[in-house]
Structure formats: C-alpha cells, structure tokens
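Worksheet: the structure to be examined is printed underneath.
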There are 2 protein chains.
Amino acid sequence: MTETTKKFRRRAEARPDEVLDAALSVFVAKGFAAAKVDDIARQAGVSKGTVYLYFPSKEALLEGIVQRAVSPIADRAAPDMAQFEGDPRVPITRLLHMLCGVLTQADTIAIPKLILREVMNFPAIAEMYRRNVLDKVVPVLTGLIARGIAQGYLRPVDPELTIRSVVGPIIAHIALSEIFDIRPIDGLAMERLVENHIDILFRGICADPQEARP
Amino acid sequence: MTETTKKFRRRAEARPDEVLDAALSVFVAKGFAAAKVDDIARQAGVSKGTVYLYFPSKEALLEGIVQRAVSPIADRAAPDMAQFEGDPRVPITRLLHMLCGVLTQADTIAIPKLILREVMNFPAIAEMYRRNVLDKVVPVLTGLIARGIAQGYLRPVDPELTIRSVVGPIIAHIALSEIFDIRPIDGLAMERLVENHIDILFRGICADPQEARP
DNA sequence: TGTAAATAACTGACCAGTCAGTTATTATCT
DNA sequence: AGATAATAACTGACTGGTCAGTTATTTACA
C-alpha cells in the first residue's frame, strides 16, 4: 500500500489541507449556506467526524480557506512596490498586469469570488482580509503615488483617493463579467481593458502630457 | 377606527408593500439566510401565514424587494443621457454626482448593499438587475462616450471599456468603505473622491488637454 | 496490546411552508 | 335600520425535512 493511498494516516499531516481544498471547491460550487459538511467530507475522501477532528466548525473551514489563501497575496505584490523609486508608472503597470493575470485564471479567481460572496455575512472574514491584504497593500500604493508626486512624475492628485482610480476600473470589469455576465463581444478582453485603462489613467495623472504614453 | 389602524383591509392593497418593507429591514439586518420569515411577519405586524398569502416563498420576498427598487433606477438616469448631444462631460459629471448622492444616504445605499450581498447566491436576482438596470444604462453610457468621440470632444478611447473607468473608482471607494471599513481620515469624503476622480478621468479622456478642466 | 485515527450512526435544534380554523368586513334581505 | 349570510383577511400550531455537531464503535498501526 503506497503512502498516498493508505487510508489511515497517523499524525495526519496532510489532512487539514485536503479538507480545506474540498471545502473550497464545495463552497465555490454551492455557496457557504448551501454547502453541507457531509459533502465536504465526501469530497475530501473522509467522514464528517474527521472534518471535525481538524476544524471546530463549518465557519472555521471558511476562515481556514481565506487564511491560507490570503497571506501570499500581499507578500507577493507589496515588497517590490514599497521602496520603489522612480516613475510610478512602472510598478503600476506591473501591478495591473499581475492583477489581470490572477483574475483571468479560473482557479485563482475562485478565492476572491468566494470572499466577495461571503464577506458580508462573516465580519471575521472581512477583517482578516483587511488586516492581511488591504492594510498592507493600500499604504504601499498610496506611498507610491505620493512619492511620484513629490518627485515630479505625477500631478498633485490626492494619493489616497487616486488608488481608487487605479484599481477601480479593474474591479468594475470583473464585477460586470463575473456577476452579471456582461462582457465585450470578443470575450473578457482583460488585456484590452488594462490597456485602455492605463492609457486614460496615465494621461490623467501624469505631470508631463507628452510623456503620458511612453 | 381609522383607515390605517383597522386590522383587516378589504382588497388588502397596502399589505404587500408593508411586508416588503419589513423583509427589507430584516434582510439588511441579518442577511437572507439568517432572516426568519417569522421575524419579517412580526416586523410587518402580521402573522407568518399572511406573508405567505402575498408571497409564495421567502425567496420571492427578496425578488420582490429588488423588483420594486430596481425599476426606478434606470428610468431616472437613462433618459436624459440617451439623446444628449454635446460635451459628454456634462452628463457624466451629473451621473457621478447623482451616484454620489445615492450612495451617501444610509437608506438608499441599503438596497444596493443587499443586492451585492445576495446576488451571487440568487442568479435570478442577478438577471433581474442586469435586465432592468445594466442592460439599459450600459448602452446609454457607451453611446454617450462614442458620440463624444465622434464629435471630437473625446480622444478615441474604447467606449465600451471606458465606462469601467468612469464608474469603477466609485465602486472601489464604496466597496472599501462599506465592506472593509477603509476610508479617509475625514470620513467617506465622497465629494472629494468624485472631484479627484473627475479631474483624472477628464484629463485622461479629453481630446483637448487644456480644456480638460473647464 | 494499547492507542490514535477514523467512522457511521445518532441527536436535537431549527425553520420554511401548510392548513384548519377564526375574525373582521361587506353584501343581501327584510 | 337591523339581522343574517357570505367572503375576504388573517392566524398560529403543526409538520417534515434538513443538517451542524456529537459519540460510541471500529480500524490500523507501533
């Protein structure tokens, strides 16, 4: 009997992650409220009792999923933007294309969608996401804009409010597509959206008009 | 006994609306899943059976709320933008300030928030909103941008994608504030946000740079 | 053989939806 | 006008199914 197929795994190192994987797929498919712990257990190849061996409640499963998914996000994007010096268009462009990639793949978009779907019913999720992602990313972005202004790259816009203008259009595009099924005739067109958005944004915030499109 | 205090009302004209009012307040307070039909009935000053006299199911209550709230939205904004000729900045500015007003008042923001909260669990709600609001508003906005380009007011941006750049920042601002409790130190600052956004947007999309700020 | 891991059968709270019965209002008749 | 019949509006106890969480039992490994 191989390591992976044996039914009982003493010490159970891999079990929690497997259960979270199963929970994620069931939550995504049916939503938290309609998801049954029995389904999650079956999907994980385990009985319901085993699920409760590792997680104290159904809600803890949801929190576990978000917890596990959320940490890498900020750690990926934040560091290289934090101490960036120079034209802010470079890291902003990079950020938008990164977002573009993440939100285009079916598997990576699942977690943001799940969070969006349940966040209003579970304040704990909202706070976790805020603490682990937004509180890290928002100040970094704000600082980036502020530095861009100080160094003469950008016009004197309000840095804190301008980050809404940076990411807002992406959010709107995804929301229209994912929630309401509204997208351009030729598909999601994420790349085209980012291009169009960057074109408008940079012309809108750059100090030197003729440099707006490098 | 006055008309309003009598218990039985022939033809029962006002009851459905009262039940929907009650349902709205309970759904907003606890979310659809956690809301009990008994609570809604009590809030409406009526028994549970009466609720089912007027609505076939709990879900029908949610649909009724959205149905009732949704029709006026598009009818308000769309008509005057549909056949507007001239500088598109005028109706866009008007639209953004209108949104600003709607989303700032506690009572009017309740319904969009409820829709956002439940839309992913109830495809029927998503479709209703799309049919009654988005399918009307989106083409009107797209047409407005397209006409602005044709008449030389705007640069040749992609009209369909540019509307994401028009409303996206507002959505991002509201989402940060309402979901994650992230807002500028001095409060929501909705007016300031719109100002900052318009400043960037118009400079970004206008054909004539020095006319960007009229 | 001892024990940790896993199971499957169980429990009890919960609540959407029903329906037989009650009460208020209106219609009809004298 | 008063009395009675008819009906519309409303009630709340009840049911049936669901499902999160628990526990008594079994299994596999050292």
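Some observations on this one:
- Each copy carries a label point for A:Thr50 at 7 Å from Cα toward Cβ; from one copy, the others' points are 5.3 nm away, ordered from shortest.
- For chain B: rounded, prolate or oblate by the Cα gyration tensor [a/c cutoff 1.5]: prolate
- When A:Glu195, B:Glu127 are compared by accessible area at a 1.4 angstrom probe, the order from most to least is A:Glu195, B:Glu127.
- Rounded, prolate or oblate (a/c below 1.5 giving rounded, otherwise prolate when a/b exceeds b/c) for the protein assembly as shown by Cα gyration tensor: oblate
- Computed in the context of the full set of protein chains, the accessible area of the stretch B:66-211 at 1.4 Å probe radius has 60% of its extent on carbon or sulfur.
- Taking the longest Cα principal axis of chain A as reference, the axis of helix A:106-118 is set at about 80 degrees.
- The relative contact order of the stretch A:63-134, computed from alpha carbon pairs under 8 Å that lie at least 6 residues apart in sequence, is 53 percent.
- Chain B: most fluctuating residue of B:Asp80, B:Asp38, B:Asp186 per GNM, C-alpha cutoff 10 Å: B:Asp186
- Per residue, in Å², the accessible surface of the protein assembly as shown once ligands and nucleic acids are set aside, probe 1.4 Å: 49
- Cβ-Cβ FRET estimate between B:Met98 and A:Thr104, R0 fixed at 22 Å, reported to 0.05: 0.10
- Inter-copy separations for A:Asp80, label at 7 Å along Cα-Cβ, nm, ascending: 4.8
- Positive-end residue of A:Ala150, A:Ile170, A:Leu201, charge dipole of the stretch A:134-214 with Cβ unit charges: A:Ala150
- Figure legend: label point modelled 7 angstrom from the Cα of B:Gln151 along Cα→Cβ; residues of the stretch B:79-98 with amide N under 14 Å from it are B:80-93.
- Inter-copy spacing of A:Ile182 label points, which lie 7 Å from Cα along Cα→Cβ, given in nm from shortest upward: 2.5
- Residue mean of other protein chain beta carbons inside 10 Å, A:193-203: 6
- Estimated dipole of chain B in Debye, rounded to 20 [Cβ of Lys and Arg +1, of Asp and Glu -1, Cα centre]: 740
- Counting only alpha carbon atoms, the long axis of helix A:15-30 and the longest principal axis of chain A meet at about 70°.
- GNM remark for chain A: springs join alpha carbons under 10 Å apart, and the peak mean-square fluctuation among A:Val90, A:Val26, A:Val194 falls on A:Val90.
- The C-alpha atoms of chain A define a longest principal axis, and helix A:159-180 lies at about 50 degrees to it.
- Take the accessible area of B alone and of A alone, subtract that of the pair with a 1.4 Å probe, and the total buried over both chains is about 4200 Å².
- Selected from B:Val133, B:Val157, B:Val66 as most flexible by GNM, with chain B as the system and alpha-carbon contacts under 10 Å: B:Val157
- Based on Cα contacts under 8 Å between residues 6+ apart, chain B shows a relative contact order of 18 percent.
The values are calculated or read from the model by the stated rules, or taken from the named source; none is laboratory data. Since the model is a prediction, treat every value here as computed from it, not as a measurement. For neighbour counting, all protein chains shown are included, and Cβ atoms are generated from backbone atoms with ideal geometry for every residue, glycine included. Heads up: the accessible areas ignore ligands, DNA and RNA and are worked out on the full protein's heavy atoms, side chains in. Shrake-Rupley method; radii C 1.70, N 1.55, O 1.52, S 1.80 Å.
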